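The values are calculated or read from the model by the stated rules, or taken from the named source; none is laboratory data. Predicted model, so just to flag it, every value in this text is computed and none were measured. Because the Cβ atoms are built from the backbone with ideal geometry, glycine has one as well, and the counts that use them run over all protein chains shown. Side chains included, ligands, DNA and RNA excluded: accessible areas come from the protein's heavy atoms. Shrake-Rupley method; radii C 1.70, N 1.55, O 1.52, S 1.80 Å.
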Amino acid sequence: YKDSRDLVYKMSNVASGIYGRESVLYASILNIRATLDMNMGTVASAKIAIDSADYLYKTSGATETTDYAQLLASRAKYYLMLGNYNLAEPEYRKASDIIRKNKGPQSIEYAQILNSQALLLQTLGNYT
């Protein structure tokens, strides 16, 4: 993962130079960084990237985009890593609503987020 992390960090520095650190395009790069940080087990770095990206999406009014939905899914995964299952579920629900609106109920992206949500509900023992 170290080589991947180095490349993602270089990519984020290039993206910030091109788009600026206030851009939603930069926010999507931060989400990639958060995902990689979670895969590497560096949870604190992932939280910083998620919170920073969330701020950028909200201040730019881009909270109904598929990219923002992916960020919500990343936050849900972050909560899962911490064992905060009840905090993860609303994030998945919001993400699935956004993806359904943008991609439609027959899209692979919608199916994937529903699968993640279903696995979480199964873990919680919520079968209704």
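Just a few scattered comments:
- Note on the range 57-78: among residues that are part of a helix (DSSP H, G or I) and open to solvent by 50 Å² or more (accessible area, probe 1.4 Å), the one that is nearest to Thr35 (Cα to Cα) is Lys77.
- Unmet requirement for Thr128, which otherwise passes all of (1) at pLDDT 95 or above; (2) out of contact with any Leu (no Cβ under 7 Å at 6 or more places or on another chain); (3) over 13 Å from Val24 (Cα atoms): (1)
- Meets criteria (touching a helix residue (DSSP H, G or I) at 6+ places or on another chain (Cβ under 6 Å), under 29 Å from Gly125 (Cβ atoms), crowded, with 19+ Cβ neighbours inside 10 Å and of a type in the set (Gly, Ala, Ser)) for Ala27: no
- Among the residues of the range 2-35, those identified as basic (Lys, Arg) and assigned to a helix (DSSP H, G or I) are Lys2, Arg5, Lys10, Arg33.
- The residue of the range 30-52 that is least open to solvent (accessible area, probe 1.4 Å), among those that are farther than 21 Å from Thr66 by Cα and of a type in the set (A, V, I, L, M, F, W, C), is Val43.
- Of all residues in the range 97-128 being in a loop (DSSP other than H, G, I, E, B) and open to solvent by 60 Å² or more (accessible area, probe 1.4 Å), the one that is farthest from Met40 (Cα to Cα): Thr128
- Some residue of the range 89-96 being surrounded by 15 or more Cβ atoms within 10 Å (Cβ to Cβ), modelled with pLDDT under 95 and of a type in the set (Phe, Trp, Tyr): no
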